[in-house]
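Here is the structure we will look at, set down as structure tokens.
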There are 2 protein chains.
Amino acid sequence: VEDGDAERARDLVSPLHPADIADLLELSPADRRGAVAAALGDLVGAEVLSELNDYVRDDLIGDLAPEQVAGFAAELDTDDAVAMIEDMDDADQQAVLDALDPEDRAAIESALSYPEESAGRLMQRDLVAVPEHMTVGQVIDYLRDHGDLTADFWEIYVVDAMHRPVGYCQLSWILTCPRSVAMADLMKREQTLIPVDMDQEEVALRFQKYALISAAVVDASGRLVGMVTVDDVVHIIAEEAGEDILRLSGAGEGDINEPILMTVRARLIWLVVNLGTAMLAASVVGLFEGTIERFAMLAALMGIVSGMGGNAGTQTLAVVVRALATNQLTSSNTVRMIGREFRIAATNGATLGTLTAVGSYMLYGRLDLSLVFGAALLINNMVAGLAGVLVPITLERNNIDPAVSSSVFVTTMTDTMGFFAFLGLATLFLR
Amino acid sequence: VEDGDAERARDLVSPLHPADIADLLELSPADRRGAVAAALGDLVGAEVLSELNDYVRDDLIGDLAPEQVAGFAAELDTDDAVAMIEDMDDADQQAVLDALDPEDRAAIESALSYPEESAGRLMQRDLVAVPEHMTVGQVIDYLRDHGDLTADFWEIYVVDAMHRPVGYCQLSWILTCPRSVAMADLMKREQTLIPVDMDQEEVALRFQKYALISAAVVDASGRLVGMVTVDDVVHIIAEEAGEDILRLSGAGEGDINEPILMTVRARLIWLVVNLGTAMLAASVVGLFEGTIERFAMLAALMGIVSGMGGNAGTQTLAVVVRALATNQLTSSNTVRMIGREFRIAATNGATLGTLTAVGSYMLYGRLDLSLVFGAALLINNMVAGLAGVLVPITLERNNIDPAVSSSVFVTTMTDTMGFFAFLGLATLFLR
């Protein structure tokens, strides 16, 4: 599309939603993205930039003057503006901030003062807060007089004299009520308040659990400082839920727009750690070299024992990591969960053990080998089930992300135990 | 808490949000859940039931009379009522439907007529639609007169004479405008319409991409038949993103409230499939029994080659499966993605190959063995990288869920190729 005819490209793209234009830019090859963006001109506005993948955006705005970036930032909600400039290096960021007008600068600087991935970064400052004594009619008149208050809001917060939220009111309640009703009578007092330093993952879980559309953010003294809206949380919910699969498999961030060297590095670290644990497991095999020299078929079968343990461990791990991430697994049902996984491991281990024992008997016709094989599979399946549930729970209790580190421990155990159980039993019982 | 003193339990629980009461029930042991629910009495209302995990809810309402279930269903939005009764067997479902009043029954029956996991099941029928010629003032008066229209709504749809949506209007726009403005001038004409038979995963992606709060659902003739709101979609976004990790590791649904036998069955099927492919890979080892008898240390090292390939393959797989699920990987960037993964695999393979060659030389002091070991690792890493990206893409193109079946294919390839490359090279070059 982009072969010189910039005019035609603009005509084609102009009816698209900013999110679609962002997609289009992401799908363009990295080395032609700048040219595509230039051809599209002012169709690539602040909204498109805020929809872009972080790496792609940083790439595109890297060439812009601070004044241009500031121009985009001024058009956006505080949270989107912060997301746009938070990854810049300090000097560039300062240059952009200097180019902003004082009000926008103050808002963004204050957001940047909160930790990354906290509610303070996520929230927007523009919101509607009214005192309790107002009536519906007064609120509507106030909104009509201040029509430029903020872009999108779905709920109004009711605050006391200290600007502390005492309740909230959905816009639909206001619209379906006579003008004379007092806000104090219309509002709901039970509300989910978000502390400004709460981690965004926890914010996302609250939104999910209580089906929130927006929520008031309060500072340490309980004063209303901003609001988080569901459209900003939806991205986090999807990311956090999708992250576990990437972490569990050691794929780092897994962002396909990440510079390739960062990806290589993230994955390599994981692979080297796994290489170390694989060496450890292999050293167990070394203990039984004599047995393997006598029965070479053991070499073929031992990989099945350790591999099946790894598969069963990964199943349990995936379930437990998800249950921990979604707060479904808490201290009150930990014991039940362990019991459940133990029973599943025993059942599956017994079934697989029987299957492999019968299968290998038919294949090799050796009863002793078949029994050793089946028993080793049963043992390793139980080890896998227990490790799969105990390792992530232990890590979580010690505040280590179970998704990142569990699988190294679990596969080390299933590898080592698989080799040890199978070759050990073979050394004892095979003649 | 639940030792006879039901009165006190009710006092403790009554200030809680329905979602918290639902959590409490889920965390209770399965065999005491009925007693807990009975003790809480009418605190366990329709809202609590709709927040419950499917299995836990089915368990609790299994004992109720159809009239009681119908009573709960009548209190809920159509989508929540449908979720409550869609898993019942036909006779029970019919009994509940018969106990409903005709209007609710018609709404639920019509929802049930759409396929499971489609927009038709997800949507609610209660919504506000107004004709284009109305003014803001008329809309407000209409809403005040029909205050009981629906529980929660965030946007109003503007329809033509055929009841086809022509635009939408956020409530905040209505509240910040003078009464005299015409809806036709206030509404936005660009809107995301959801076909009634669209899969819920696709609906969730639309909500995410366009940051929607609610969206109009239309039938085949383009008429407005319902609306989907973001609070119903948030659950789906989280589930769909979290599902991939469970599917990729063969853990089935991974629901910790699922009856244990269903879990055993789902995981066992996966393990048996993997047992089959592990046998296949092991049969490759059988081809080289002679070589292993001569060099027993090969048995220890071959597992490292195949295992490291498996790890690298899983990394690539996780990234590709996520990219496919989030529509980041499309036909336009497939070739680039393959190239990217190939370069990552080559870099990591070369690094790991060098590492292991040097390491094994220090350990065994045999140059030929070290070179064979390093070369096999490099080869298997490349196989893993290519399989990790080609398998899921191929499955997706053939409309097979790549998360479910990719890893079987990939690990079969890395296992087989790992054994074959390492033992084959050893047979050729080791003296």
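Key figures for this structure:
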{"read-out": "Chain B: angle of helix B:260-286 to the longest principal axis, Cα-based, in degrees nearest 10", "value": "20 degrees"}
{"read-out": "Phi to ³J(HN,Hα) by Karplus 6.51 cos²θ - 1.76 cosθ + 1.60 over the range B:187-198, Hz, x for Gly, Pro", "value": "5, 9, 7, 6, 8, 8, 8, 10, x, 5, 9, 5"}
{"read-out": "5 angstrom amide H check on A:TYR168, placed H, neighbours 5+ away", "value": "A:VAL158, A:LYS188"}
{"read-out": "Theoretical FRET efficiency, 1/(1+(r/R0)^6), r = Cβ-Cβ of A:SER331 and B:SER331, R0 35 Å, to 0.05", "value": "0.15"}
{"read-out": "Net charge over other residues, Cβ less than 10 angstrom from the Cβ of B:ARG247 (K, R count +1; D, E count -1)", "value": "-4"}
{"read-out": "Extended-chain gain in nm, criterion 0.36 nm per residue less alpha-carbon gap, A:GLU103 and A:GLU117", "value": "2.7 nm"}
{"read-out": "Copy-to-copy label separations for B:PRO15, where each label sits 7 Å from Cα toward Cβ, in nm and ascending", "value": "5.6"}
{"read-out": "Coordinate range along principal axes, alpha carbons of the protein assembly as shown, Å, largest first", "value": "94, 72, 55"}
{"read-out": "Semi-axis lengths (Å, descending) of the ellipsoid that matches the C-alpha gyration tensor of the range A:129-234", "value": "24, 15, 13"}
{"read-out": "Calculated from backbone phi, Karplus (6.51, -1.76, 1.60) coupling profile of the range B:93-106 in Hz, x at Gly/Pro", "value": "4, 4, 4, 5, 4, 4, 7, 7, 6, x, 5, 4, 4, 4"}
{"read-out": "Computed over the range A:259-429: relative contact order in percent, which uses C-alpha pairs under 8 Å that are six or more apart", "value": "37 percent"}
{"read-out": "Amide H contacts under 5 Å for B:VAL218, placed H, 5+ residues apart", "value": "B:ILE194, B:VAL196, B:VAL225"}
{"read-out": "Helix-only mean residue ellipticity at 222 nm for the protein assembly as shown, each DSSP H run of n ≥ 4 adding -39500 (n - 2.57), per residue, nearest 500", "value": "-21000 deg cm²/dmol"}
{"read-out": "Where a label projected 7 Å from the Cα of A:GLU202 along Cα→Cβ would reach, residues of the range A:108-130 with amide N under 16 Å", "value": "A:114-123"}
{"read-out": "For B:GLU289, inter-copy label distances in nm, listed shortest first [label point 7 Å out on the Cα-Cβ vector]", "value": "2.2"}
{"read-out": "Zone residues, the range B:370-400, relative to B:LEU280, backbone N less than 20 Å from point 7 Å out along Cα-to-Cβ", "value": "B:380-400"}
{"read-out": "Per-q log10 I(q)/I(0), the range B:207-313, q = 0.16, 0.17, 0.22 Å⁻¹ (Debye; single scatterer per alpha-carbon; no solvent)", "value": "-0.93, -0.97, -1.15"}
{"read-out": "Under DSSP loop assignment and at most 12 Cβ neighbours within 10 Å, longest GluC sites (Glu not before Pro)-free interval of chain B", "value": "B:191-431"}
{"read-out": "Where labels lie 7 Å past Cα in the beta-carbon direction, separation of A:ARG32 and A:ARG397 in nm", "value": "5.6 nm"}
{"read-out": "Position A:PHE429, label points 7 Å along Cα→Cβ, spacing to each other copy in nm (shortest first, one decimal)", "value": "4.0"}
{"read-out": "Fluctuation leader among B:GLY222, B:GLY276, B:GLY45 - chain B, Gaussian network, Cα springs under 10 angstrom", "value": "B:GLY276"}
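Any read-out appearing in this document is the output of simple, stated calculations on the displayed coordinates, not a laboratory observation. Predicted model, so just to flag it, every value in this text is computed and none were measured. Ideal geometry is used to build each Cβ from the backbone, glycine not excepted, and the neighbour counts take in all protein chains shown.
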